[in-house]
Amino acid sequence: MTDTLRDKWDARYQDADVARATPCRVLAEFGHLLPAAGRALDVAAGLGGNAQMLAGLGLETQAWDISPVAVDKLNRHAHTRGLPLAASVRDVENAPPEKGTFDVIVVSYFLDRTLAPALREALRPGGLLFYETFTREKVDDAGPSNPDFLLAPNELLHLFSPLRLLAYREEGVVGDVGRGLRNVAYLVSVREG
């Protein structure tokens, strides 16, 4: 991780309100699949909308991000609310999660294809992966412009194909682009065995 990248995200979160952070769409829509207990990880958590939801449901939650500003805000907020949540400054690209350590992993609006095997392996048997990020088939300029950070059509399915698919959505630019889920793809998968 470069200091420039960390500075970029610190600046973005400096004046942001952690209490207004919300979970990503896939987690909000499929939260009913979450276990009643266990360990959860929010990767590239930012202000922790996903982590706050997970911890609020009683999961022992870790939130990792490269921004010390976001991590500090999230830890203070979690402490104030009494949430079982610990945020840490961590560059997941250089320090991925260890094998078999989480019952739930959530990744939203972050894409590093080389992490897919580590994320799959970090799930315990029965563990769930919730993943949502931007696609190349976009109807506007939302999200990054660099194609390295955008999913090709159906790419998310292939990245996590060893897991059993529970839910998937990607509408691309088909049909009435003024309606539906555009600019992103999401999935929910489970590690069997």
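The values are calculated or read from the model by the stated rules, or taken from the named source; none is laboratory data. Bear in mind that the values here come from a model prediction, so they are computed numbers and not experimental data. When we count neighbours, we look across all protein chains shown, and the Cβ atoms used for this are built from the backbone with ideal geometry, even at glycine. Calculation scope for accessible area: heavy atoms of the full protein, side chains included, ligands and nucleic acids excluded. Shrake-Rupley method; radii C 1.70, N 1.55, O 1.52, S 1.80 Å.
Among the listed residues Val18, Val43, Val26, identify the single one that is modelled with pLDDT under 95, of a type outside the set (Lys, Arg) and open to solvent by less than 20 Å² (accessible area, probe 1.4 Å).
On the way: Val43 fails: modelled with pLDDT under 95; Val26 fails: modelled with pLDDT under 95.
The match here is Val18.
Taking Ala122 as meeting all but one of (1) in contact with a strand residue (DSSP E or B) (Cβ under 6 Å, 6 or more places away or on another chain); (2) closer than 23 Å to Leu5 by Cα, write down the number of the exception.
Answer for Ala122: the failing condition is (2).
Could you check the stretch 121-137 and list, in sequence order, the residues that are closer than 21 Å to Leu27 by Cα and open to solvent by 30 Å² or more (accessible area, probe 1.4 Å)?
Filtering the stretch 121-137 down to residues closer than 21 Å to Leu27 by Cα leaves 121-135.
Those that are closer than 21 Å to Leu27 by Cα and open to solvent by 30 Å² or more (accessible area, probe 1.4 Å): Glu121, Arg124, Pro125, Gly126, Phe134.
Could you count how many residues in the stretch 134-147 are in contact (Cβ under 8 Å) with a residue 12 or more places away in the chain and either in contact with a Cys (Cβ under 9 Å, 6 or more places away or on another chain) or not in a strand (DSSP E or B) (or both)?
Start the filter on the stretch 134-147 by keeping residues that are in contact (Cβ under 8 Å) with a residue 12 or more places away in the chain, which leaves 134-140, 142-143.
Pick out the ones that are also either in contact with a Cys (Cβ under 9 Å, 6 or more places away or on another chain) or not in a strand (DSSP E or B) (or both) and you get 136-140, 142-143.
The number of residues fulfilling the criteria is 7.
Residues in the stretch 91-124 that are touching a Lys or Arg at 6+ places or on another chain (Cβ under 6 Å) and part of a strand (DSSP E or B): how many?
3
When only residues in the stretch 38-48 that are touching a strand residue (DSSP E or B) at 6+ places or on another chain (Cβ under 8 Å) and not in a strand (DSSP E or B) count, which is farthest from Leu129 (Cα to Cα)?
Residues of the stretch 38-48 touching a strand residue (DSSP E or B) at 6+ places or on another chain (Cβ under 8 Å): 38-46, 48.
From what is left, the residues that are not in a strand (DSSP E or B) are 38, 44-46, 48.
On the way: Gly38: 13, Ala44: 14, Ala45: 15, Gly46: 18, Gly48: 16 Å.
In this case the residue turns out to be Gly46.
For every residue, the table says whether it meets (1) free of Cβ contacts under 8 Å to residues at least 40 places away in the same chain; (2) not in a helix (DSSP H, G or I).
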{"position": "Leu5", "(1), (2)": "no, no"}
{"position": "Lys8", "(1), (2)": "yes, no"}
{"position": "Tyr13", "(1), (2)": "no, no"}
{"position": "Ala16", "(1), (2)": "no, yes"}
{"position": "Ala28", "(1), (2)": "yes, no"}
{"position": "Pro35", "(1), (2)": "no, yes"}
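Of the residues Leu129, Leu181, Leu156, which single one is within 20 Å of Val43 (Cα to Cα) and either of a type in the set (Asp, Glu) or not in a strand (DSSP E or B) (or both)?
After ruling out the rest, the residue left standing is Leu156.
Name the single residue that is least open to solvent (accessible area, probe 1.4 Å) among those in the stretch 53-90 being in a loop (DSSP other than H, G, I, E, B) and either touching a Cys at 6+ places or on another chain (Cβ under 7 Å) or closer than 20 Å to Asp7 by Cβ (or both).
So in the stretch 53-90, the residues in a loop (DSSP other than H, G, I, E, B) come out as 57-59, 66-67, 82-84, 90.
If we keep only those that are either touching a Cys at 6+ places or on another chain (Cβ under 7 Å) or closer than 20 Å to Asp7 by Cβ (or both) too, we end up with 66-67, 90.
Values: Ile66: 28, Ser67: 0, Arg90: 70 Å².
Among those residues, the one meeting the criterion is Ser67.
Where residues in the stretch 151-193 are surrounded by fewer than 19 Cβ atoms within 10 Å (Cβ to Cβ) and within 19 Å of Pro125 (Cβ to Cβ), which of them is farthest from the chain's Cα centre (by Cα)?
The extreme case among them is Gly193.
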